[in-house]
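Peer 1: Have a look at the structure that comes next, please.
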Amino acid sequence: MAFNYYEPSTLRGVIKNSIPLRLFFRDRFFSNHILFPTEQVSFEFSSAHRRLAPYVNPRIGSESISRDGYEVRDSRPPLVAPERVITNDTLMQKLLGEAPFNSGLSPEDRAAQIIAQDVIELQDAIWRREEYMCARVKQDGKLYIKGNGVNAIVDYGFKNVKSIDKTEKWDENFDILGQLNEYSDELLKAGFNADMLLLGRDAAKALLTNKKLIKLLDARRIELGEIRPVSLENGVKYLGHIATYGVDFDVYTYTEFYPDENGDLKSIIDPETCLIMSSTEQNSMLYGSVTLLDKNGDYMNYMEEYVPNTWFTQKPPQRFMSISSRPLPMPHNLDSWFVLKNVVNGTD
């Protein structure tokens, strides 16, 4: 029996295959959004210090102590501006799920549906770029901006990065918890309680198969933690809690991918990377203004996160749709997290 492509039940089963939008880094660590009226934005890094109140002679009186300072830097956020074009050929092609013949859709109706879908996909593309930017800042402490006619680096001056040498790799017998305790102390010195681990997939596997950790968690009379993986929203998996050996962490891994310059999918968290963080950490997304030409040819400055624009040409007849944005992640305190790279030999 021949398959009937025109049956309503068949057409209802044609659903657009969309990849879930996962924005864990952006929404969890850079949820505060700040708009600027100019293309250039300002970074403000704070530094806190421990101070003891001074002893003073009662005949001399009080003694002045300095205030905590902050550093201001300026930068121009990169312009992100994906676009789509609608041509006569686009309008003549049927939409996904549309009946091949006599569907009742006019070219105008089809154009409206195409534009609506394009807006969603362009916005998703920008959000994925923001997620990638936030993920790289958290792993590298700097942002490499490469594109068509663009090649720049935004260096935040982050210092808490350790590339693990071969003597400290996370094999099944290595003292992983001792190492984590050592670098957690670095955050404590800066005033941050390290209570969260975010692991690449190879680092997570190494942690969960570490014999010393398994032996500690297998203790029957003392509650030292629990490994019980649970899938959460946004592609995040909660692996469990570790409260022993000087560390007290909730442990997570995050599965999301991005296409590299060659179009190959790469993990958004490097597989061999471990992020030691504080759950109280707060950062921001800065948005510079976007300048566009209006329909009269005048320059207009928009102080917005995302600026849609549409225009057309007569020869050839084409309509363009774009969304422009100037996003830039801003860490508030460069001492609030620590990065361990190459804890195992990655597979990505």
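The values are calculated or read from the model by the stated rules, or taken from the named source; none is laboratory data. As the structure is a computational prediction, the values presented were derived from the model and not from experiment. Here the Cβ positions follow ideal geometry from the backbone for every residue, glycine too, while neighbour counts run over all protein chains shown. Accessible surface areas use protein heavy atoms only, side chains included; no ligands, DNA or RNA. Shrake-Rupley method; radii C 1.70, N 1.55, O 1.52, S 1.80 Å.
Peer 1: Out of the residues in the stretch 134-180 that are part of a strand (DSSP E or B) and among the hydroxyl-bearing types (S, T, Y), which is farthest from the chain's Cα centre (by Cα)?
Peer 2: The first filter runs over the stretch 134-180 and keeps only residues part of a strand (DSSP E or B), leaving 142-147, 150-155, 161-163.
This time we only want the ones that are among the hydroxyl-bearing types (S, T, Y), so: 144, 163.
Details: Y144: 14, S163: 21 Å.
That would be S163.
Peer 1: Same structure again: Please note which strands (runs of 3 or more DSSP E) are completely contained in the stretch 296-336 and include at least 2 residues that are surrounded by fewer than 14 Cβ atoms within 10 Å (Cβ to Cβ).
Peer 2: Details: elements: 299-302, 307-313, 318-324, 327-331.
Hits in the stretch 296-336: 299-302, 307-313.
Peer 1: So which residues in the stretch 231-258 are at pLDDT 85 or above and among the β-branched types (V, I, T)?
Peer 2: Those that are at pLDDT 85 or above and among the β-branched types (V, I, T): V236, I242, V251, T253, T255.
Peer 1: Another one. Among the listed residues I269, I276, identify the single one that is of a type in the set (A, V, I, L, M), in a strand (DSSP E or B), on the phi < 0 side of the Ramachandran plot and in contact (Cβ under 8 Å) with a residue 24 or more places away in the chain. Working first, answer last.
Peer 2: Working: I269 fails: in a strand (DSSP E or B).
The unique qualifying residue is I276.
Peer 1: Is the stretch 64-74 home to any residue that is closer than 26 Å to R326 by Cβ, aromatic (F, W, Y), at pLDDT 90 or above and surrounded by 11 or more Cβ atoms within 10 Å (Cβ to Cβ)? Steps first, answer last, please.
Peer 2: Taking the stretch 64-74 and keeping what is closer than 26 Å to R326 by Cβ, we get 70-74.
Checking which are aromatic (F, W, Y) leaves us with 70.
Remaining after also requiring at pLDDT 90 or above: none.
No, there is no match, as no residue in the stretch 64-74 is closer than 26 Å to R326 by Cβ, aromatic (F, W, Y), at pLDDT 90 or above and surrounded by 11 or more Cβ atoms within 10 Å (Cβ to Cβ).
Peer 1: Out of all the residues in the stretch 81-102, is one or more within 19 Å of the chain's Cα centre (by Cα) and either at pLDDT 75 or above or over 30 Å from V154 (Cβ atoms) (or both)? First the steps, then the outcome.
Peer 2: Initial filter on the stretch 81-102 (within 19 Å of the chain's Cα centre (by Cα)): 81-82.
Retained after the next criterion (residues that are either at pLDDT 75 or above or over 30 Å from V154 (Cβ atoms) (or both)): 81-82.
Within the stretch 81-102, one or more residues are within 19 Å of the chain's Cα centre (by Cα) and either at pLDDT 75 or above or over 30 Å from V154 (Cβ atoms) (or both).
Peer 1: For the stretch 186-207, what are the residues that are in a helix (DSSP H, G or I), open to solvent by 10 Å² or more (accessible area, probe 1.4 Å) and at pLDDT below 90?
Peer 2: Matches in the stretch 186-207: E186, L188, K189.
Peer 1: Suppose we filter Q123, Q117 for residues that are open to solvent by 10 Å² or more (accessible area, probe 1.4 Å), touching a Phe, Trp or Tyr at 6+ places or on another chain (Cβ under 7 Å) and among the polar types (S, T, N, Q); which single one remains?
Peer 2: Values: Q117 fails: touching a Phe, Trp or Tyr at 6+ places or on another chain (Cβ under 7 Å).
Residue meeting the stated conditions: Q123.
Peer 1: Report whether or not I214 is free of Cβ contacts under 8 Å to residues at least 12 places away in the same chain, closer than 17 Å to V251 by Cβ, touching a helix residue (DSSP H, G or I) at 6+ places or on another chain (Cβ under 9 Å) and among the hydrophobic types (A, V, I, L, M, F, W, C).
Peer 2: Working: free of Cβ contacts under 8 Å to residues at least 12 places away in the same chain: yes; closer than 17 Å to V251 by Cβ: yes; touching a helix residue (DSSP H, G or I) at 6+ places or on another chain (Cβ under 9 Å): yes; among the hydrophobic types (A, V, I, L, M, F, W, C): yes.
When the stated conditions are applied, I214 passes them.
Peer 1: Filter the stretch 130-181 for residues that are in contact (Cβ under 8 Å) with a residue 24 or more places away in the chain, basic (K, R) and within 24 Å of E256 (Cα to Cα); which is most open to solvent (accessible area, probe 1.4 Å)?
Peer 2: Filtering first and then ranking leaves K146.
Peer 1: If only one of E261, E281, E272 is modelled with pLDDT under 90 and either buried (at least 16 other Cβ atoms within 10 Å of the Cβ) or closer than 30 Å to A194 by Cβ (or both), which one is it? Let's see the steps before the verdict.
Peer 2: Details: E261 fails: either buried (at least 16 other Cβ atoms within 10 Å of the Cβ) or closer than 30 Å to A194 by Cβ (or both); E272 fails: modelled with pLDDT under 90.
After ruling out the rest, the residue left standing is E281.
Peer 1: Which members of the stretch 218-230 meet the condition of being open to solvent by less than 90 Å² (accessible area, probe 1.4 Å) and either closer than 17 Å to L197 by Cα or at pLDDT 80 or above (or both)?
Peer 2: First pass over the stretch 218-230, keeping only residues open to solvent by less than 90 Å² (accessible area, probe 1.4 Å): 218-219, 224-227, 229-230.
Hits for the stretch 218-230 are L224, G225, E226, I227, P229, V230.
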